[in-house]
Amino acid sequence: MENPYLPYPVRIDDIEIATEDKSLKTFKFVFLNEGDEEKFAYQAGQFAELSIPGVGEIPIGIASSPVEKGFVKFTVFRTGVVTSYLHNMKVGDIMGLRGPLGNWYPWDKLEGKNVVIIGGGFAFTTLRSSIVYMLDPANRSKFGNIDVVYGARSPGMLLYREELYEWEKRSDINMHITVDGTDDPDWKYNKGFVPQIVEEKAPQADADTFAIVCGPPIMIKFTQPALTKLGYGPDQIIMSLENRMKCGIGMCGRCNIGKELVCKDGPVFTLEEINMTPKEY
């Protein structure tokens with residue numbers, strides 16, 4: 001974009017209720033102007049600012065994948081003024097999309113490697129983008145084994161449930177779905193917090209295995225020692241600190257961790273990089 005402050009105009013093309021409590025909705029946007037989709041070229045792991053004139057904007061991870069064309073998706077948790085306004089908007093409404101912003105998961109480095117995806121709650125958006133990217137027929141042969149550990153508080157709070165169950169049926173990806181707890185007698189997957197399931201189900205590390213972690217700060221904190229027990233070095237643990245995102249271009253200074261501006265230098269860092277910053281994340 002020539003001016004990073006100016007959003008692209010987009011139209012809401014579809015809205016899906018993502019969780020049973022209706023606190024999360026997935027919005028599908030299409031670009032109004034020819035050529036804007038091409039300009040909005042992004043990688044799995046990046047985010048964007050959803051902009052509503054007269055209301056404000058909010059940084060959200062991109063849930064669609066670069067291999068999905070003709071639209072871009074975001075799953076939004078209703079938590080403040082902008083997100084509440086967006087939740088009340090309708091199909092056909094016009095708003096803005098600024099980005100793409102931030103860095104992304106290091107796909108060049110991960111080619112030829114085994115990848116463990118670890119996510120919790122509604123932070124699974126960029127991980128959904130990553131899984132779709134890796135499973136695309138044009139890309140699947142670029143990666144080794146793919147393991148996914150994904151958890152939520154309850155079955156009804158899992159995002160992208162239909163896709164989760166479709167991925168589980170595949171032979172080229174290992175799904176480890178979990179919930180904190182449930183009384184549902186038909187629940188056939190794991191019960192337990194994500195770090196526990198990581199320790200039980202994730203593969204042992206070798207030189208060709210990397211872990212991508214995105215979730216609430218408390219989940220990230222307790223997943224790190226679980227991965228360490230499995231032999232993952234700090235350079236093999238890749239984290240997204242997207243909860244620290246603010247303006248998206250490092251101008252407001254509110255996203256910093258020490259000298260690092262998460263909006264500009266991240267949100268994706270290795271644990272090795274994070275260990276060189278103050279423990280503020």
- Message: Which residues among region 181-211 fall inside the zone where the amide N is under 19 Å from a point 7 Å beyond the Cα of residue 154, along Cα→Cβ?
- Response: 181-194
- Given 10 °C and 1.306 mPa s, how large is the Stokes-Einstein diffusion coefficient of region 50-91 in µm²/s, with Rh as the Kirkwood radius over Cα pairs? 139 µm²/s
- Two-decimal ratio, the chain, of alpha-carbon radius of gyration to 2.2 N^0.38 Å: 0.97
- Item | Rounded to 5, the percent of DSSP beta bridges in the chain classed as antiparallel | 60 percent
- Task: Report the label-to-label distance for residue 32 and residue 171 in nanometres (one decimal), using points 7 Å from each Cα along the Cα→Cβ vector.
- Result: 4.9 nm
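In region 169-245, what chymotrypsin sites (Phe, Trp or Tyr not before Pro) fall in a loop by DSSP, with at most 16 other Cβ atoms inside 10 Å? Write down the numbers at each step before the final one.
Values: sites: 187, 189, 193, 210, 222, 232; in loops: 187, 189, 193, 232.
Answer in residue order: 187.
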- For region 28-73, the spread of Cα positions along each principal axis, largest first, Å: 32, 25, 17
- Message: Net charge within 15 Å of residue 237 by Cβ-Cβ distance, Lys/Arg positive one each and Asp/Glu negative one each, not counting residue 237 itself?
- Response: -3
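What number do you get for region 41-187 when its Cα radius of gyration is normalised by 2.2 N^0.38 Å, N = residues? Numbers along the way, then the final one.
Working: Rg = 16.5 Å, N = 147, 2.2 N^0.38 = 14.7 Å.
In units of the 2.2 N^0.38 Å rule of thumb, it is 1.12.
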- Query: Which one of 174, 88, 103 has the biggest mean-square fluctuation once the chain is modelled by GNM with Cα springs under 10 Å?
  - Reply: 88
- trypsin sites (Lys or Arg not before Pro) restricted to region 64-100 and DSSP loop, no more than 12 other C-beta within 10 Å: 69, 90
- Message: How large is the convex hull of the C-alpha atoms of region 122-281 per residue, in Å³?
- Response: 126 Å³
- Note on the structure: Ranked by GNM mean-square fluctuation in the chain (Cα springs under 10 Å), the top entry among 89, 239, 175 is 89
- Violations at 21 Å Cα threshold for listed pairs 201/229; 169/201; 22/221 -> 22/221
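How about region 162-242: which trypsin sites (Lys or Arg not before Pro) there are in a DSSP loop, with at most 12 other Cβ atoms within 10 Å of their Cβ?
Values: sites: 169, 170, 188, 191, 201, 221, 229; in loops: 170, 188.
Loop-located and lightly packed - 170, 188.
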- Over region 8-100, equivalent-ellipsoid semi-axes from the Cα gyration tensor in Å: 20, 15, 12
- Using only C-alpha positions, report the orientation-averaged shadow area of the convex hull of region 110-160, nm², one decimal. 3.5 nm²
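Quote to one decimal, in nm, the extra length available between residue 188 and residue 207 on full extension: 0.36 nm per residue of separation minus the C-alpha distance between them. Can you show the working numbers first?
On the way: separation 19, 0.36 × 19 = 6.84 nm, distance 3.29 nm.
Extending this stretch completely gives an extra 3.6 nm.
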- Message: Testing the spin-label approximation: label points 7 Å from Cα along Cα→Cβ at residue 90 and residue 20. State their distance in nm.
- Response: 3.0 nm
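Count the net charge of all other residues whose Cβ sits under 13 Å from the Cβ of residue 88, scoring Lys and Arg as +1 and Asp and Glu as -1. Don't skip to the answer; put the middle values down first.
Values: positive: 22, 25, 78, 90; negative: 93.
With Lys, Arg at +1 and Asp, Glu at -1, the neighbours total +3.
Taken together, the values in this text are just the output of simple stated rules run on the coordinates, not laboratory data. Nothing here was measured: the structure is a model prediction, and the numbers come from that model. Neighbour counts run over all protein chains shown; Cβ positions are idealised from the backbone, glycine included.
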